[in-house]
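Undergrad: First the structure, then my questions, so here it is.
The values are calculated or read from the model by the stated rules, or taken from the named source; none is laboratory data. Just so you know, these numbers come straight off a predicted model, no measurement behind them. Every residue, glycine as well, gets a Cβ built from its backbone with ideal geometry; the counts of neighbours run over all protein chains shown. Note: accessible area is taken over every heavy atom of the protein model, side chains too, but ligands, DNA and RNA are not part of it. Shrake-Rupley method; radii C 1.70, N 1.55, O 1.52, S 1.80 Å.
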Amino acid sequence: GINAEYGVTLKGHQGPVNQVSYNSNGEYCSSAGDDKIIILWNPLDGVKLKVYGGHGQSVRHVISSHDNCHLASASADRCAFYWDVASGSILRRFRGHESVVNCVAFDKTSSVMMSGGNDSTVRIMDLKSRSYEPIQILADAKDSITSIGVSDDEIIVGSVDGRIRIYDLRMGKLHEDYVGESITNVRFSNDVQSVIVSSTDNTVRLIDKTSGQLLNDYTGHAHSKLQLQAASWYDDSSVLSTCENSKVFVWDLISGNIRQTLDLPALAQTISVHPSRYQFLTGHVSGQINLWITKGEKKADEEEGAKSMSCWALPPR
């Protein structure tokens, strides 16, 4: 096993947590809930640092920019917001989706923001422009967009239509791979050579992004209905997924063998893996968030303590 164990509980949401996301260096995290708010946390000590309000309905997704100074959020109110982390102010309200917005993403320069929704489109916005009109709309999907992933020069999109679409921005090409069942989450592996795909046939797949070849699949967990997520450790040694019977499964990436299963206090749909440590967060329908940590990492954290960041004007404790 990997000896991951329960570490810290983060309590602040009044209702289901739809997304929890580490920031780019893993020192802080943000969460989005059915209670229409976003919360910024120090996950190691469970401290709530800031609350962001403004959406009119459930917040479906939140992600930090790569410089950690901004957030993007997606909501059932058909809007995607661009936030200033330190002040909590909404810098841009992007309207235009015809239905629920499910997911958001930044490009690597944090100057472009993307949003995907139930209207089957991905809208791409230039944050340096004063215009609120998208610079491009990706309208190839035949059903709801559930997930967007970004690398240096590629965008990957997952859809309920059962296909992953990889847009090569340098070549201007679209590559499609048919998985079959509804896709609930897509992520690039950390080496960006493959794609981790969650779908509602009780399977997580590892797919070569260039050839579309199935490299491995990971099974044993229950996933047939909900919008669950999977991810890999920062070193791509294991794949982790939430499941519909309140567990986290951890598989060896190469062999596909189950390395560990963890019992959760409640159903979790969202999981976020630390960018440089063996730690991860789960967000639960009960409203709480749990930090899971390996025993070796726990000792290192206690010795090191939390750090501050230049563009996060955090309140005193």
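Undergrad: Can you name every residue in the stretch 52-107 that is closer than 25 Å to F188 by Cβ, β-branched (V, I, T) and open to solvent by 10 Å² or more (accessible area, probe 1.4 Å)? It would help to see each step written out before you state the result.
TA: Just the residues of the stretch 52-107 that are closer than 25 Å to F188 by Cβ, to begin with: 59-75, 80-83, 85, 94, 97, 100-107.
Now restrict to residues that are β-branched (V, I, T): 59, 62-63, 85, 100-101, 104.
Residues satisfying the conditions are I63, V100.
Undergrad: Another question, then. Does at least one position in the stretch 153-164 carry a residue that is acidic (D, E), open to solvent by less than 30 Å² (accessible area, probe 1.4 Å) and under 16 Å from N216 (Cα atoms)?
TA: no
Undergrad: Which condition breaks for N42 when tested against (1) open to solvent by less than 10 Å² (accessible area, probe 1.4 Å); (2) closer than 21 Å to A105 by Cβ; (3) touching a residue at least 40 places away in the same chain (Cβ under 8 Å)?
TA: Only one criterion is unmet by N42, namely (2).
Undergrad: Find all pairs meeting these conditions: Cβ atoms under 6 angstrom apart; at least six residues apart or on different chains; first residue within the stretch 216-241 and open to solvent by 40 Å² or more (accessible area, probe 1.4 Å); second residue assigned to a loop (DSSP other than H, G, I, E, B) and among the β-branched types (V, I, T).
TA: Short answer, once both residue conditions are applied: S224/T200.
Undergrad: Among the residues of the stretch 264-282, how many are in contact with a strand residue (DSSP E or B) (Cβ under 6 Å, 6 or more places away or on another chain) and open to solvent by 60 Å² or more (accessible area, probe 1.4 Å)?
TA: Counting residues in the stretch 264-282 that are in contact with a strand residue (DSSP E or B) (Cβ under 6 Å, 6 or more places away or on another chain) and open to solvent by 60 Å² or more (accessible area, probe 1.4 Å) gives 1.
Undergrad: Let me ask another. Which of the residues spanning the stretch 53-81 are without any contact (Cβ under 8 Å) to a residue 60 or more places away in the chain, among the charged types (D, E, K, R) and part of a loop (DSSP other than H, G, I, E, B)? Break it down stepwise before answering.
TA: Filtering the stretch 53-81 for residues without any contact (Cβ under 8 Å) to a residue 60 or more places away in the chain gives 53-66, 70-81.
Right, trim to among the charged types (D, E, K, R) and you get 60, 77-78.
Of everything in the stretch 53-81, those that are without any contact (Cβ under 8 Å) to a residue 60 or more places away in the chain, among the charged types (D, E, K, R) and part of a loop (DSSP other than H, G, I, E, B) turn out to be D77, R78.
Undergrad: So, one more: If you check N190 against the conditions, is it under 29 Å from D263 (Cβ atoms), modelled with pLDDT under 95 and open to solvent by 10 Å² or more (accessible area, probe 1.4 Å)?
TA: The answer is yes for N190.
Undergrad: Please verify whether I254 is open to solvent by 10 Å² or more (accessible area, probe 1.4 Å) and either in a strand (DSSP E or B) or of a type outside the set (D, E, K, R) (or both), treating the condition exactly as stated.
TA: Values: open to solvent by 10 Å² or more (accessible area, probe 1.4 Å): yes; either in a strand (DSSP E or B) or of a type outside the set (D, E, K, R) (or both): yes.
Considered against the rule, which asks whether it is open to solvent by 10 Å² or more (accessible area, probe 1.4 Å) and either in a strand (DSSP E or B) or of a type outside the set (D, E, K, R) (or both), I254 comes out as yes.
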